[in-house]
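K.L.:
One structure follows; several queries about it will come next.
Here, each number is a calculation from the coordinates, and none is a lab measurement. As the structure is a computational prediction, the values presented were derived from the model and not from experiment. A quick note on method: Cβ atoms are made from the backbone with ideal geometry, for glycine too, and the neighbour counts reach across all protein chains shown.
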Amino acid sequence: MKSTIKGSLAALLSLLLIIAGANAQNKIGIDLAGIRNMHSHINGLNVSAFYHFSEKIVGGVEVNRFFPSDRKKGTEDITLSAWDIDFNFHYLIPIHHNWKFYPVTGISHTSEKEVAREFNEKLYERFWSFNTGAGMLWEVGHWSPHIEYVYTWGHINQQFLLAGLSYEIEWGNKKHHGKE
């Protein structure tokens, strides 16, 4: 399964680079957001970078750090934390003026750590998931506040809610809306 996911991702990235090469926007977005895992009820920080393959197709890598959170698991006191690395694509759909809606698709790799506090026993769980969801952003110059919902399908189905701020960096000669 891992080699299939890696092969599919490599093929998709290669295809997007070939197709979007002529339409590349010479733009990258850097994001910082708060994220909530609604399945495990833990909060975290999302840091990501997205390349604009075209005016509508955006793809990138996201790193999520879910901070240690104390909870009960049955009668046991545990501390749960996690790391996620996501490879996601967005398709930007203009809604009204600077508002855009986007579906989310991609894959993620999760590494969870559960510590039983009484005996300091550690349990690690690592797994792959497919990501689907949607988001909305509002462009204000180079800044874009955004909110996103993602559902992951895999070993553990999970839901995430993310809210953050992006900054877009542009370089080189670019065409924007048909103008030079």
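K.L.:
Please work out the FRET efficiency for the pair GLU170 and THR105, using the Cβ-Cβ distance as r and a Förster radius of 25 Å; give the result to the nearest 0.05. List each step's numbers first, then the result.
P.N.:
Values: r = 25 Å, r/R0 = 1.00.
In this case the efficiency is close to 0.50.
K.L.:
At a temperature of 37 °C and a viscosity of 0.692 mPa s, determine how fast the range 2-170 diffuses translationally according to Stokes-Einstein, using the Kirkwood radius over alpha-carbon pairs as Rh; express D in µm²/s, rounded to the nearest whole number. Intermediate values should be presented prior to the final figure.
P.N.:
Details: Rh = 17.0 Å.
Approximately 193 µm²/s, per Stokes-Einstein.
K.L.:
Could you rank the peptides 33-41, 82-90 by their average count of other C-beta atoms within 10 Å per residue, with the highest value first? Spell out each step's value before the answer.
P.N.:
Numbers: 33-41: 16.1, 82-90: 20.0.
The densest-packed peptide leads the list: 82-90, 33-41.
K.L.:
What is the spread of the Cα atoms of the range 84-175 along each of their three principal axes, largest first, in whole Å?
P.N.:
Taking the Cα atoms of the range 84-175, the three principal extents are 58, 23, 23 Å.
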